[in-house]
Structures are given as structure tokens and as C-alpha cells.
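I have placed the structure first, in the form of C-alpha cells, so that the comments after it can refer back to it.
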Amino acid sequence: MLILRERIREMRAALFLLLLPATLSRADTCSTIASTTDIDVAYPLSLDYISEQNKYWSTSCIALKPSCILFPTSAAEVSVIIQTINEGDEHFAIKSGGHNPNNYYSSVAGGPLISTARLNEAILDANTGVLRMGPGNRLDEIAAKLQGSGWTFVGGRIGNTGTGGLLLGGGLSYMSAQYGWAASSALEYEVVLANGTIVTASDTENSDLARALRGGGNNFGVVTTYTLQTYRQGNIWGGNVIYLHTDTVASNLLRAVRDFTEYNTDDKAAVIVTAERSTGLVIPELIDIELIDTWILFLFYDGPTPPADLFRNFTEAGLPILNTARTRTYSDLIGSSNWVVVKGSVVTIGTETVPIPTAGENAATVMEGIHAHWRNVSGTTLLEPGIIASIAYQPFPRSIARQARVRAPDLIDADDEADRLILELNYSFIPQTDYAKMANTLNETYSGVRQRVLAWQDQGILPDAYCPLFMNYGFYEEDYWGRIRPESRAFAQQVAERYDPEGFFRDRTGGWKP
């Protein structure tokens, strides 16, 4: 019965394409799709529209109102939508989870929004661990679907994150030191191209497109199915450790994350070290209460119990006020991580990649220099309503680059000549009218880190290493393509020219363009 229904949908889609030219002469995408197909179209004020539109991490994206939201359930329906949009001049967007807070990247004002929410299949081969997954799944949903199977998906760390954007940006995982980027485990892609053609991309078919989709973003087509290799996993150990900020705790944790990045030899272990600040009630010259000035650690071990002392430098950095790390399922860990998503706020995220300094005096100079810069800049924002400022230090050891290169070619093309840190720099706040001001603050934050890194490299304090920007954390003003290798950028341009010669995705969608 399911096969018959799918065949009927495909036949209706084919019939629609025959009628498409005449229809488009008098209608826009939304009304054309609504009147001539079975694809669900949600208009403003409808419950489906309101629900889906509110599933962005940033209220700045929620404020951009699409003309309608389209809910395809197959590649054939996505093809119909893309061919319909082709006949007009509307800008549009494709949305997986809506976790990218950059305006117009997965959001649009006045044009159609393609939601992949109903492209949410997850079919696992229990013998091989090969998973066919739609981009409508979020990480916590996939973890729950795989729970009890003995297999795990190499995904991100926050459950509410959409899988589509994660994979197209590369994807950093607790398990990246074992398996590379999330995209490194992508065996095959089902892709709707700019002209509506449905193709397969893999290492044996359209291999250039497959490589470009690993770290190339939304420039080459709409991925409707990912075929992924999953990996064996039982119970894991993980959770959060939280400290109140003191200078001693800060120094201990900065040293610990640097040392872990260089010296850790157990690839099952992962950490994120995050500093977070927020001001609560502030009345100048009367009340100035800084409610949050903390360090929040995310600890992970891909096994039921980590070796003794593996995380000692983190768990004994001071006196923790909370420690939730314990043996649990991976689904439980990922499902309990959504507290980090700040509801009802504008969210801005930027990034930098930093080669780690050698141990000793240079380590303190670099690590504490970066952190002092962040505290200085973030300190200027503490009167901003609803402000939460954070910096996350995320190890990018050589093992991630090695594992990525072993598994599949990508555009990031990281080498194993240096250990690095990926910094995630966040400001969330309430007034949307302050977006430009806070964008300047974020720019000052990541630009200041970059200027210091370049200066330390000139002085010989830091190695002159390749430091690509991590797409999943990039701010729209950052030069993603200018920071990856020129050869990778040229390759992406060639792939875009081959699969999208008219520049459909380049000209009609947001995002970084090669």
C-alpha cells in the first residue's frame, strides 16, 4: 500500500510538470503548488505555519515571514517545488532544524520556505549499521530512533540541532576523534539539483558533488536523503560539570583544555569547555547583579566508564557546584542537552580556529590572552536586555583530521600537522532592534581573536598552521570560503558550475557562496 501511494504521488508530480508552464504564467510558487499538487502548503495564520516558523533558534529568523511553508515528503515533491520556483524570481530557503541563526540562511522573507520536517525517515540496516536518514530529523530524534539498536550516529552535541545543516557544514561530534566529521560518515546523498533532476552522489557516482556536500553548505542542491555509516555503541558516560568563575578556575580549565587537545591519546574521550556570562537585574549606580559568571564543561566518554584520572584536570579545576556526568545511554545524553537553546532571544554565533601553543609560558600567554579579550568585549554587553555571552573551547586534535581523511574527501581538507581549538562565540539577547549593534560586538570578538593569533604567529609563539573556519559556527560576515584552502574553493566553484550552471542556488538562497 505504501509503495502504491508513493507511485500515485510520483504520477501526480509528473502530470503537474506537464502543466507547469501554463500554470506559472498566472501564479506564484505557493498558489501553484497548492492548486496543482498534493504537497502540503501552510499559509500565515495557519497552525502548521506558526508551529514551523517558531522552530528557529533565533527570533531574528522567526521574524522573517515566508509567503508560505511547503512540506514535501519525498524527493519527487522537492523536485516539483524546485522546478516551480525556477519559473519565477522568488528568493527561497530550505530548512532542516533552523539552528543556524544567520538571517536568510535557512529563513526567508516574502518567498517560499521548504521545510524538510516531513522528510524524516530513519531506516537502519541492523547488520551493517548503514542508515538512510532524511534531513527532517533532529539529533535527539535520531538518537532516540537508534536507541537499543547497538548503533550510533556521528552527530552534534545539542539534541535540537537539525541533521541537514549539521552534515552540510561538516559537523563536529563527541565522536569526531574516532570517526572524523559527521559528514565523513556520509556514504551517499540523494540530491535534487537546481533543474529538479534527482541524482545520487557518492564516491562512485557524481563523486565531485559528494565531496562538495561535505563542508560546502547549501550551494549545490537539496539533499533529501543521507545514507550514513553508523558505529557500534553501548552505554556511554557523560554530562556537565559547572564551576563559578574565579581566576584560578579559569587558568586551570584553560590549561586543561590545551593539554587535553595535545596529550589525550584516548579517542573515545571528548570535552567542551565553555565560559558563560549574563547580567540579571541592573539599575545603574544602584544594583548591578551578575547572575551568571560560570564555566560549564561538557564531558563525554564512548564507554560506560572513563579510565581513572582521564578527566581529572577538568573535574578538579575547582569546587564544582554541579556534576551530572554518569553512565547513561547516548540518547539520554543528547536528549537532555536542549537546555542550552535560549528561547525567545536573538542568537548570534561566530567562530575562530586557533592552533594551540606549546606547553609552558606560551600556553598561558595565548590561552589567557584570548580569554581576557573575550571577557573584555563581553563585559561591554552586560547591560543588554537578556544578554548571555559565551565562549566554547572545543578541541580539534590531529586525530579528527586523520579520521576525516581516511573516510571521505571533504572541502575542509584539514591536515594533521597541528592540534587546534575551534572557538564558538555566542551572544544571545532580547531586543531585535539591537541586532546591528550586537553584530558589531560579535565581529569585534572574533576579529580580536584572529588579530592576536596572527600576531602570535608572527612572533613565533604559535605555529603557522592552516586554520579553516568551521561553517556550522560561522557568522554571516565571516569569510568562510576565504579561510579554506584555495584549491577547495576553486573545486567548489567548478562543482557549482557543473550542477547549477545558471546560479539558481547562488542567486536565490542565502549562505556563503564560493
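Each residue of the stretch 426-442 was assigned a 3J(HN,Hα) from its phi angle through the Karplus curve 6.51 cos²θ - 1.76 cosθ + 1.60 (θ = phi - 60°); the sequence is 10, 10, 10, 7, 8, x, 5, 5, 9, 4, 5, 4, 6, 5, 5, 5, 4 Hz, with glycine and proline shown as x.
Just from its helices, what would the mean residue ellipticity at 222 nm be for the chain, if runs of 4 or more DSSP H residues each count -39500 (n - 2.57) and the sum is divided by every residue, rounded to the nearest 500 deg cm²/dmol? Computed mean residue ellipticity for the chain: -10500 deg cm²/dmol. Around the Cα centre of the chain, unit charges on the Cβ atoms of Lys, Arg, Asp and Glu (plus for the first two, minus for the last two) sum to a dipole of about 840 debye. For the chain, a Kirkwood hydrodynamic radius built from all Cα pairs, placed in the Stokes-Einstein relation at 4 °C and 1.567 mPa s, yields a translational diffusion coefficient of 55 µm²/s.
Largest to smallest in accessible area, the residues Arg375, Arg132, Arg402 fall in the order Arg402, Arg132, Arg375 (1.4 Å probe, all protein chains included). In terms of accessible area, using a 1.4 Å probe and ignoring ligands and nucleic acids, His373, His245 rank largest first as His245, His373. Protein heavy-atom accessible surface, 1.4 Å probe, per residue over the chain: 40 Å².
In terms of overall dimensions, the stretch 54-166 has a Cα radius of gyration and Dmax of 15.3, 48 angstrom.
Over the stretch 138-294, the hull volume per residue, using the convex hull of the C-alpha atoms, is 177 Å³.
For Val199 and Ala364, FRET efficiency with R0 = 45 Å and r from the beta-carbon atoms, rounded to 0.05?
Efficiency at R0 = 45 Å is approximately 0.30.
Computed log10 I(q)/I(0) for the stretch 257-368 at 0.11, 0.12, 0.14, 0.20 Å⁻¹: -0.53, -0.62, -0.83, -1.35, from the Debye equation with unit scatterers placed on every C-alpha and solvent omitted. Averaging the Cα positions of each part gives two centres, and for the stretch 378-447 and the stretch 107-153 these lie 25 Å apart.
For Asp28, the solvent-accessible surface with a 1.4 Å probe is about 70 Å², rounded to the nearest 10. Only protein atoms count toward the accessible area here, which uses a 1.4 Å probe; on the chain, the carbon and sulfur part of that area reaches 52 percent. Each residue of the stretch 220-235 is assigned a 3J(HN,Hα), and the resulting list reads 10, x, 9, 7, 9, 8, 10, 9, 10, 7, 9, 9, 4, 7, x, 5 Hz, derived from the Karplus form 6.51 cos²θ - 1.76 cosθ + 1.60 (θ = phi - 60°), x at Gly and Pro.
For the stretch 212-274, the percent of C-alpha pairs falling in each 10 Å distance bin, counted from 0 to the bin holding the largest distance, reads 13, 29, 25, 25, 8.
The values are calculated or read from the model by the stated rules, or taken from the named source; none is laboratory data. Because the structure is a prediction, the values reported are computed rather than measured. Note that we place each Cβ from the backbone using ideal geometry, even for glycine, and neighbour counts take in every protein chain shown. Just so you know, the surface numbers come from the protein's heavy atoms only, side chains and all, with ligands and any DNA or RNA stripped out. Shrake-Rupley method; radii C 1.70, N 1.55, O 1.52, S 1.80 Å.
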